[in-house]
Each structure stands twice: as C-alpha cells, then as structure tokens.
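Visitor: Have a look at this one.
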Amino acid sequence: MLERSHLADNALQALHDEDYDVPFNTQSLNHAGMVFMGGRASTSLDGDWTFCVDLLDTGLRQKWFSMLPEAPEERTEPWDYDPYTGETVPVPSNWATLKEKWYFFEGSSWYTRPLDVETIDDGKRLFLRLGAASYDCKIFLNGVFLGNHYGASTPFFVELTGKLKRGRNWIMACVNNTRTRDRVPMRNTDWFNYGGLYRETALVETPASVIRDLFVYLVPDGSYSRICAEIAVDGDLDLPLTLSIPELGVDLTCPVDENGHARVEFAASPELWGPETPVLYNVTATFGDDRVSDRVGFRQIERRGTEILLNGKPVFLRGISVHEDDAELGKVTNEEDLRRRFEHARELGCNYLRLAHYPHHERAAEIADELGFLLWEEIPVYWAIDFANPATYRDAQNQLIELIKRDRNRASVVIWSVGNENPDTDDRLTFMRGLADTCRKFDPTRLTSAACLVNHARNRIEDRLAECIDVIGLNEYYGWYEENFDDLAAIGENSNPDRPVVISETGADGVIGPKGPEKGLFSEDYMAEVYRNQIATLRQLDYVKGMSPWILYDFRVERRQNIFQNGYNHKGLIAADKKTKKKAFHILADYYRQLAEGEENARKAS
C-alpha cells in the first residue's frame with residue numbers, strides 16, 4: 001500500500017508539472033546500440049497490443065508505465081487508463097488506418113504487451129528490436145524507463161539483458177508522431193504523417209559476446225580484385241573472429257583491436273553485381289559462439305566528370321520515385337507489396353528506384369539486390385529543417401547512420417541522399433556538408449546526393465551544396481508548378497555542372513475515374529502531355545544521367561485538399577489501387593525502352 005500511495009503522489013504532482021517529459025527526451029537509443037541481424041533467429045512480438053491514444057500526454061503525467069496489473073474490482077483508487085486491459089490494435093499498423101476517429105490524430109499513443117519468460121540464461125543477451133516507430137518512441141519494461149528513440153523509419157534496439165524477470169513481464173511503448181520544428185522531418189512535409197509501431201517487432205537472443213556490425217565491400221580502387229571486411233564486436237575480445245566467403249575460397253581469422261573493431265582486406269575476384277548480373281555471395285562471420293551471415297553483391301559505383309559509372313561503365317539511371325504508402329495499410333508494407341513495386345518498375349523499363357523521402361523497409365533493398373535494381377536511399381531532411389539547432393543535426397545524423405549501417409551491405413544501394421529541397425543558407429550548408437561527410441566516413445563505396453535548388457530568375461542550378469556531393473539531384477516540375485518548358489532547356493544551357501545531374505523529381509497530377517477532369521490541370525491527358533514535353537527536353541541535356549519522375553503510385557497526404565485531390569497526391573503513374581496505369585506510364589515506358597535499346601546497341605558496337 002505504501003508503494004501505491006507513492007506512485008499516486010508522484011502522478012498527482014506530475015499533473016501540475018509542465019516539464020514532466022524532460023527526463024524522457026534523451027536520444028539514448030541510437031546507432032551505437034544496433035545489432036547486426038543477418039542470419040539471426042528471432043521471436044516475433046507482432047500481434048495484438050493493448051492500445052490507447054493519449055492526446056494530452058496523460059500517460060506520462062500520471063505515469064501509466066508504473067501501474068501494476070490489478071483486477072478492477074480490487075483497485076482502491078480511480079484510474080484513467082489501464083494498460084493491461086481494453087482495446088487492442090495489431091502491430092505492425094498505423095493508427096490512422098484503423099479507425100476514422102484516429103485518422104488525423106497526432107500525439108502520443110501507448111502500446112502494451114506481455115512477455116512471458118520461462119528461464120533466464122546468464123550466458124545469453126536479449127534485445128528488443130523495433131523495425132520502426134513513428135516518431136518519438138519511449139520504451140518501458142515492468143514500469144522502468146529503458147530509453148528513447150527518435151526517427152520514424154529506422155530500426156532500433158533496446159537491451160533487456162538483466163532486466164527481465166521469470167514469469168510475466170510487460171513491455172510498453174509510448175509513440176508520439178507530433179510534428180515539431182526540431183525533428184527530422186519537421187512540421188511541413190508532403191506525405192501523410194502516419195503514427196505507430198508500423199514495422200515488425202522482435203526479441204533477439206545472442207551469446208554474451210556478440211557481433212554488432214558486419215560491412216563487406218569491394219575496395220573502390222578500380223581493380224575489382226580486393227574485398228574489405230569491417231566488423232564490430234563486443235564482449236570477450238580474446239575470442240576468435242573469423243570471416244568466410246565459400247564461393248570465393250575465403251576463410252580468414254580477423255584480429256580484433258582493443259575497441260572491438262576488426263578490418264581485413266584481401267585479394268578476391270568476385271563476379272561483379274549489376275542489373276544484368278545480380279550475383280550475390282554468402283558471407284559468414286563467427287565470433288565465439290555468435291554467428292551471422294549475409295548475401296552480398298560486389299560492385300563499384302563512381303562518378304567521373306558528369307558520368308556515373310557502374311563497374312567502370314557509364315550507366316543512365318532509368319528510374320521512378322516511390323513512397324512507402326498504401327491506401328489500406330498506410331506505411332505498413334509486406335512482401336507482396338514490395339515485389340509489386342519492383343514488378344511495375346520492371347514494366348516501366350527501370351533499372352533504378354528512388355526510395356523517397358525516408359528509409360523504406362529493409363526488405364526493399366534485399367529484393368533489389370536479388371532482382372538487380374539500383375537504389376537511391378535518403379533521410380527526411382526535408383524543406384525547412386531547423387538547421388541551426390544541434391539537436392536537429394544529431395537527430396538527422398543518427399537516422400543517416402542507422403540507415404547506412406542497416407543497408408550498406410546491399411549492392412543495390414548506390415546513392416545516399418542527405419536532403420531534399422532545402423533553402424541555401426549558411427546553417428543549412430554546414431548541416432548538409434556534415435551529413436555528406438558522415439556518409440563518406442561510414443561508407444566509402446557509394447555516391448552522395450541531395451535534391452538541390454534552381455535559381456529560377458537566372459535559370460541556373462545554383463546551390464552551394466552541389467560542391468559537397470557527388471550527384472546533383474534536381475526536382476523540377478516544368479509544365480506543372482513552373483509553366484515555361486523553355487526555361488528547362490535554358491537551365492541546361494546556363495548551368496554547365498561539373499558533375500552528373502539526376503532529375504530526382506518531375507511530373508504532374510493526373511486524376512482518373514469519375515472525379516477526374518476531362519481536360520486541363522489534373523486531367524490524365526494534361527499529365528501525359530507534361531511527360532511528352534519533359535522527355536523531349538531532357539533527352540537533349542547530356543549532363544542528365546538519370547531521372548526518377550514523381551511518382552509510381554498515388555499516395556495519401558493531408559495538405560492536398562482541392563476537389564480533385566481529396567487528400568491524395570495524384571502524380572502517380574499508377575492510381576492508389578496499385579493496378580490502374582495512367583497514360584503517362586506508357587509514355588515513360590516507351591522512352592525507357594528506347595534508352596535501353598540505345599544502350600544495348602552501343603554495347604554491341606563497342
């Protein structure tokens with residue numbers, strides 16, 4: 001009874017404490033706690049979790065996380081919410097897609113589920129892995145705060161070793177998707193602000209000494225004959241660490257330094273990965289009793305002047321942009337949905353996809369490896385981020401490192417993008433240059449990019465960030481937001497960039513069905529004409545080395561509310577049903593077919 005009174009007193013005090021949330025706003029769950037997952041077994045924690053939306057953050061002020069399970073008839077004090085009984089929702093899911101009353105809800109929501117533990121092995125470690133939580137996620141175990149993660153789209157880990165008890169344990173997650181100035185992204189975005197635990201959750205058991213990270217890559221020296229492996233471990237550093245690639249005859253012992261890091265470089269001649277030859281090799285690392293594995297392709301991507309070279313040969317990126325959005329599931333995705341987007345990209349004649357504007361599900365890059373697609377991946381440093389705020393930079397950099405560490409074994413990923421359409425200010429330049437440097441520090445094998453700015457008064461690409469990245473991304477909407485197509489040609493004449501340009505976005509809305517107009521803006525025919533004019537102009541610009549028009553599917557977004565949009569961006573080449581192709585789809589597919597045929601003829605001639 002004394003413990004109950006103490007909790008009640010704290011809760012009442014917190015009701016009047018405007019700073020009640022300060023102790024929890026620590027970015028304590030970050031890239032440093034990641035565990036390499038390749039080949040590991042895990043126990044799924046997906047399924048029904050007890051759930052409650054919490055607009056006023058009552059749960060934090062009343063300390064719902066400290067409540068003990070108790071039958072209602074045995075309680076002696078009133079309560080506003082019981083985390084252990086009541087409404088449930090499936091995990092993964094977005095609350096906006098579950099009930100109409102939650103559609104536009106922004107704020108905190110509470111998720112609770114039991115975790116029953118029969119035995120505790122002192123020689124093992126346990127980690128809770130959450131694939132993604134949008135956006136700010138606080139984790140509690142048995143009433144104790146374990147940590148805080150920022151970032152809506154990257155995985156994070158919570159170590160439970162030594163914290164679980166035999167019998168029933170309770171995991172709670174307070175997930176908040178409120179848009180704020182210091183978050184990445186901030187208040188103003190152009191996609192739907194889904195909230196919730198929307199990717200898979202799992203319990204991961206490892207030995208006491210564990211492999212934290214494994215990065216295996218072709219050394220980017222142009223020889224195509226050397227491979228490097230970088231491995232991070234923790235635990236007993238005297239244990240043997242080995243690396244094997246059986247198909248290449250590689251079986252090495254890797255010396256570990258006092259910081260738990262190992263780096264080995266060795267001769268090997270793998271068959272190079274590419275769109276026509278998506279060859280993957282089995283890589284295994286063993287550290288004591290811990291063992292991880294991955295399927296890795298080896299290739300080299302580089303820029304030389306205005307050319308993008310894949311394995312030493314020029315490549316034109318025939319692409320399409322993709323959002324992670326579904327009319328029924330929101331940001332939740334699955335194998336069928338992921339493979340469908342690649343099938344449609346193949347129908348378009350693509351060899352490349354831009355995964356916008358945040359890290360997509362990790363399975364997307366794994367499938368791209370398998371099928372031979374090139375990928376541009378990015379973090380949501382989007383529009384007017386609070387560039388002067390060190391906390392905002394820390395958030396962005398952490399999301400970038402989590403993405404890089406998650407996907408840097410994926411041969412398909414050839415570009416890391418550090419931002420999209422940001423104003424060219426001194427603070428922004430410092431911010432973005434730091435992110436580009438972070439890319440190179442954690443991954444020397446890929447190109448960097450960002451969607452840069454055009455000075456429309458002078459019809460030139462003018463952005464100081466362009467000097468800090470390898471590929472200039474250019475979002476242009478001539479025929480839609482900008483009217484005069486002659487200006488697009490003028491940009492080509494005036495800019496004279498010294499590095500490759502990829503048209504990272506272009507397009508127009510085309511609303512089909514009974515709500516779509518027959519002509520003019522938002523009509524399918526107008527959209528088709530924009531694509532015809534874009535293709536006619538862009539094919540004349542020899543420094544343009546790729547394009548990823550906006551976008552593959554229509555997608556949900558709050559800001560677009562005219563009579564034709566009705567809460568959707570209709571620039572998709574395919575409608576939101578992910579089945580109905582618009583006229584522009586076939587126009588782009590025909591252009592890509594012509595490009596592919598030209599490339600094939602050039603190869604034969606050489």
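Just so you know, all these numbers are worked out from the coordinates, no wet-lab data involved. What you see is a predicted model; the values in this text were computed from it and never measured. All Cβ positions, even for glycine, are placed from backbone atoms using ideal geometry, and neighbour counts span all protein chains on display.
Visitor: What label, among [x] 147; [y] 186; [z] 162, belongs to volume of the Cα convex hull per residue in Å³ computed from the structure on display?
Guide: [z]
Visitor: Separate question: Roughly how many Å is it from the Cα centre of the stretch 568-606 to that of the stretch 280-300, as a whole number?
Guide: Measuring centre to centre over Cα atoms gives 35 Å.
Visitor: If we count other beta carbons within 10 Å of each Cβ, what is the order of Arg168, Arg340, Arg408, fewest first? All intermediate terms of the calculation are to be shown ahead of the outcome.
Guide: Working: Arg168 11, Arg340 17, Arg408 21.
Exposure proxy ranking, most exposed first: Arg168, Arg340, Arg408.
Visitor: Now a separate question. Rounded, prolate or oblate: which one fits the stretch 259-412, using the alpha carbon gyration tensor with axes a ≥ b ≥ c (rounded when a/c is under 1.5, else prolate when a/b beats b/c, else oblate)?
Guide: Rounded.
Visitor: Sorted by average packing, counted as other Cβ atoms within 10 angstrom per residue and highest first, what order do 459-471, 349-361 take?
Guide: So the order, starting with the most tightly packed, is 349-361, 459-471.
Visitor: Moving to a separate point now. Hand me the GluC sites (Glu not before Pro) from the stretch 497-606 located in a DSSP loop with no more than 15 other Cβ atoms within 10 Å, in residue order please.
Guide: Hits after loop and neighbour filter: Glu518, Glu558.
Visitor: How high is the relative contact order of the stretch 219-259, in percent, with contacts defined as C-alpha pairs under 8 Å that are six or more residues apart?
Guide: Numbers: 26 pairs, mean separation 11.0, N = 41.
The value is 27 percent.
Visitor: Pairs to check: Lys101/Lys579; Lys124/Lys165; Lys99/Lys331; Lys515/Lys581; Lys519/Lys583; Lys101/Lys138. Give those whose C-alpha atoms are more than 18 Å from each other in this structure.
Guide: Numbers: Lys101/Lys579 28 Å; Lys124/Lys165 14 Å; Lys99/Lys331 15 Å; Lys515/Lys581 16 Å; Lys519/Lys583 14 Å; Lys101/Lys138 24 Å.
From the list (Lys101/Lys579; Lys124/Lys165; Lys99/Lys331; Lys515/Lys581; Lys519/Lys583; Lys101/Lys138), the Cα-Cα distance tops 18 Å for Lys101/Lys579; Lys101/Lys138.
Visitor: Let me ask something else about it. Can you quote the Å³ per residue value for the convex hull of the Cα atoms in the stretch 449-606, rounded to an integer?
Guide: 132
Visitor: Something else now. Given Cβ point charges of +1 (Lys, Arg) and -1 (Asp, Glu) and nothing else, what value in debye, to the nearest 20, does the dipole of the chain about its Cα centre take? Write out the running numbers ahead of the final one.
Guide: On the way: 69 positive and 97 negative charges, 223 e Å.
Magnitude of the dipole: close to 1060 debye.
Visitor: So how far apart, in nm, are the two label points at Asn455 and Glu258 if each is 7 Å from Cα heading toward Cβ?
Guide: In this crude label model, Asn455 to Glu258 measures out at 5.3 nm.
Visitor: Sticking with this one: Taking the Cα centre as origin and putting +1 on Lys and Arg beta-carbons and -1 on Asp and Glu beta-carbons, what dipole magnitude results for the stretch 180-308, to the nearest 20 debye? Walk me through the intermediate numbers first.
Guide: Details: 12 positive and 22 negative charges, 142 e Å.
Dipole about the Cα centre, nearest 20: 680 debye.
Visitor: Then there's this: Per residue of the stretch 217-233, what does 6.51 cos²θ - 1.76 cosθ + 1.60 with θ = phi - 60° give for ³J(HN,Hα)? Whole Hz please, x for Gly and Pro, Karplus curve as stated.
Guide: Result, ordered by residue: 8, 6, 4, x, 10, x, 8, 6, 10, 9, 10, 10, 10, 10, 10, 10, 10 Hz.
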